[in-house]
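Visitor: Questions regarding the structure given below will be posed in turn.
The values are calculated or read from the model by the stated rules, or taken from the named source; none is laboratory data. Predicted, not measured: the structure shown is a model, and the values here were computed from it. Every residue, glycine among them, receives a Cβ derived from its backbone with ideal geometry; neighbour counts consider all protein chains shown.
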Amino acid sequence: MSSGMPERPAGPSRVWGVAALVQAVGDTLATRFASCTVRGEISGFTRAASGHGYFTLKDEYGNASLRCAMFRRALSQVDFTPAEGMLVEARGNLAVYEARGELQLVVEGLTRAGAGALYEQFLRLKARLEAEGLFDAARKRDIVRFPRRVAVVTSPAAAALRDVVTALRRRCPHVEVVISPCAVQGAEAPPQIVQALSNVILVHRQGQAFDAVIVCRGGGSLEDLWSFNDERVVRAIAACPIPVVCGVGHETDFTLADFAADLRAPTPTAAAELIAQDRETALAQIDAVQRHMQHRVHQRLDGFAQRLDQAAVRMARPAQVLSQHERQLSLIAHRMLAACRDAVRSNRQQLPQWQARMTRAMATQRARQQHALQAWDARLSALDPRKVLERGFAWLTTDEGLPVTRAAQTKAGMAVRGVMADGLLRLNVSEVALDPAPAPRPGEDAA
């Protein structure tokens, strides 16, 4: 039975060169897998100095792996930081790296697998709340430097609570810690977190004031931390009248609650450390301030004592003080009289120079004005119409005094007046001969 495949001609098989075979395989892969998407876990991600990224995709059982290369332009468009063990979907083209003859995927796009839809939802909600101003830096408040009472909103069974309480007891055991319990994961977590914050606000307004609120939980996947991306939780944190410190997840985890809080901490322990300063450090600072104040007080007292001693010495010999003041006044009067004489002498010496300069300036200004006057007189004379009439021209007008500038304005038998340089002529038009119309210039309409 025929298989439908063309039969190979008899004879020895083709001998390939290494480069030719590798190139042929690469061309076949590029044609067969022009664009494909591969799902797997990232392993060994590195970013070269050129900005390109290199990593390996492994299947969930570790039975297969595929080397991947992602150029800088494509990598710059990835909206998350690729990390070890992260489940992703890589879109690109299969190729052969000819230098080593290895199969590799040239990645053009990289998205988180499983959490991709959630992450898109995260970005859309973040953009909407940011447009409302919930994340503006101007609305964030400073945390009290030395709090006395702190509320912690978290799960009583969470390791994050133990970390926060341990850090606060170690750094500042005098701070009172009040726990407002709630779930931090699952569908029931968002309303419980909102209720826990409401309970803290209620106690705060009843007179048992809090200096800060810590909202915290340990690390996890995007799905585990999704409760802190819930819009209800974000709005509750933004509306809280007490400064809120958010310590959710690990250092690389970000939630919308972090953006809405007054201060974001990388971990729950860091949240406690940011709120409460170390007791020993604070006491050392107080001791240093105390020593500095004592030193400055002693300096001021010593200065006042010296001034008092000097005043007592002056008061003991008032005649000597008055005599010293009289000598100073006499010296000042003598210096003032000498200064006045020097000023008068200097001004007298400069007076002839100023007089000569003023005389020269007046002469120059007068010459300029005479020259300008002559120029204006010449221009007026040139514009005098009588000068034109003296050169043999006449000014024609009608009996009504309207000027006649064209022959077409007159007709036979019409009376006109001709103004000459020395008198007036009364004329009658016997004939009107108009010049023929001039030929049109090139480019002008003959009409």
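Visitor: Would you confirm, using the coordinates I've provided, whether GLN349 is in a helix (DSSP H, G or I) and loosely packed, with under 10 Cβ neighbours inside 10 Å? It would help to see each step written out before you state the result.
Guide: Numbers: in a helix (DSSP H, G or I): yes; loosely packed, with under 10 Cβ neighbours inside 10 Å: yes.
The answer is yes for GLN349.
Visitor: If I filter region 49-89 down to residues being part of a loop (DSSP other than H, G, I, E, B) and out of contact with any strand residue (DSSP E or B) (no Cβ under 8 Å at 6 or more places or on another chain), which single residue comes out as farthest from GLY101 (Cα to Cα)?
Guide: Filtering region 49-89 down to residues part of a loop (DSSP other than H, G, I, E, B) leaves 49-52, 59-64, 71, 77-86.
Still in the list and also out of contact with any strand residue (DSSP E or B) (no Cβ under 8 Å at 6 or more places or on another chain): 49-51, 61-63, 79, 81.
Values: ALA49: 24, SER50: 23, GLY51: 23, TYR61: 25, GLY62: 22, ASN63: 21, ASP79: 32, THR81: 29 Å.
Filtering region 49-89 for residues that are part of a loop (DSSP other than H, G, I, E, B) and out of contact with any strand residue (DSSP E or B) (no Cβ under 8 Å at 6 or more places or on another chain), the one farthest from GLY101 (Cα to Cα) comes out as ASP79.
Visitor: Can you name every residue in region 155-212 that is among the acidic types (Asp, Glu) and more than 39 Å from the chain's Cα centre (by Cα)? It would help to see each step written out before you state the result.
Guide: Of region 155-212, the ones among the acidic types (Asp, Glu) are 163, 176, 188, 211.
Correct list: GLU176, GLU188.
Visitor: Right, next: Collect the residues in region 107-138 that are outside any loop (DSSP other than H, G, I, E, B) and at pLDDT below 90, keeping them in residue-number order. Steps first, please.
Guide: Step one: filter region 107-138 for residues outside any loop (DSSP other than H, G, I, E, B), giving 107-112, 116-132, 137-138.
Within region 107-138, THR111, ARG112, GLY116, ALA117, LEU118, TYR119, GLU120, GLN121, PHE122, LEU123, ARG124 meet the criteria.
Visitor: Here is a further query. Quick one: in region 250-279, which of the residues that are modelled with pLDDT of 85 or more and among the β-branched types (Val, Ile, Thr) is surrounded by the most Cβ atoms within 10 Å (Cβ to Cβ)?
Guide: ILE275
Visitor: Against the definition (within 30 Å of PHE33 (Cβ to Cβ) and aromatic (Phe, Trp, Tyr)), how does PHE80 come out, yes or no? Full working, then the answer.
Guide: Numbers: within 30 Å of PHE33 (Cβ to Cβ): yes; aromatic (Phe, Trp, Tyr): yes.
Yes.
Visitor: Shifting gears a bit: Out of curiosity, is THR252 in the same structural domain as VAL203 (by TED's automatic domain parsing) and touching a Gly at 6+ places or on another chain (Cβ under 8 Å)?
Guide: Details: in the same structural domain as VAL203 (by TED's automatic domain parsing): yes; touching a Gly at 6+ places or on another chain (Cβ under 8 Å): no.
Here the answer is no, as THR252 does not meet what is asked.
Visitor: Answer with yes or no whether ALA288 is touching a Phe, Trp or Tyr at 6+ places or on another chain (Cβ under 8 Å), part of a helix (DSSP H, G or I) and modelled with pLDDT under 90.
Guide: Values: touching a Phe, Trp or Tyr at 6+ places or on another chain (Cβ under 8 Å): no; part of a helix (DSSP H, G or I): yes; modelled with pLDDT under 90: yes.
No, not satisfied.
Visitor: Looking at (1) more than 60 Å from the chain's Cα centre (by Cα); (2) surrounded by 10 or more Cβ atoms within 10 Å (Cβ to Cβ), can you tell me which one ALA282 breaks?
Guide: (1)
Visitor: Report yes if VAL144 is outside any strand (DSSP E or B) and either outside the structural domain of ARG32 (by TED's automatic domain parsing) or under 35 Å from the mean Cα position of the chain (by Cα) (or both), otherwise no. Break it down stepwise before answering.
Guide: Working: outside any strand (DSSP E or B): yes; either outside the structural domain of ARG32 (by TED's automatic domain parsing) or under 35 Å from the mean Cα position of the chain (by Cα) (or both): yes.
In short, yes.
Visitor: Sticking with this structure for a sec: Residue pairs, Cβ under 9 Å, 6 or more apart or interchain, first in region 347-368 and in contact (Cβ under 8 Å) with a residue 12 or more places away in the chain, second polar (S, T, N, Q) and in a helix (DSSP H, G or I). List them.
Guide: Every condition considered, no pair remains.
Visitor: I would also like to ask the following. Tell me the residue from ALA151, ALA157, ALA99 that is free of Cβ contacts under 8 Å to residues at least 12 places away in the same chain and under 30 Å from ALA209 (Cα atoms), please.
Guide: On the way: ALA151 fails: free of Cβ contacts under 8 Å to residues at least 12 places away in the same chain; ALA99 fails: under 30 Å from ALA209 (Cα atoms).
Every option except ALA157 fails the conditions.
Visitor: Follow-up. Taking the options ARG386, ARG357, ARG348, ARG317, name whichever one is at pLDDT below 90 and within 30 Å of LEU425 (Cα to Cα).
Guide: Numbers: ARG357 fails: within 30 Å of LEU425 (Cα to Cα); ARG348 fails: within 30 Å of LEU425 (Cα to Cα); ARG317 fails: within 30 Å of LEU425 (Cα to Cα).
Only one candidate passes the filter, namely ARG386.
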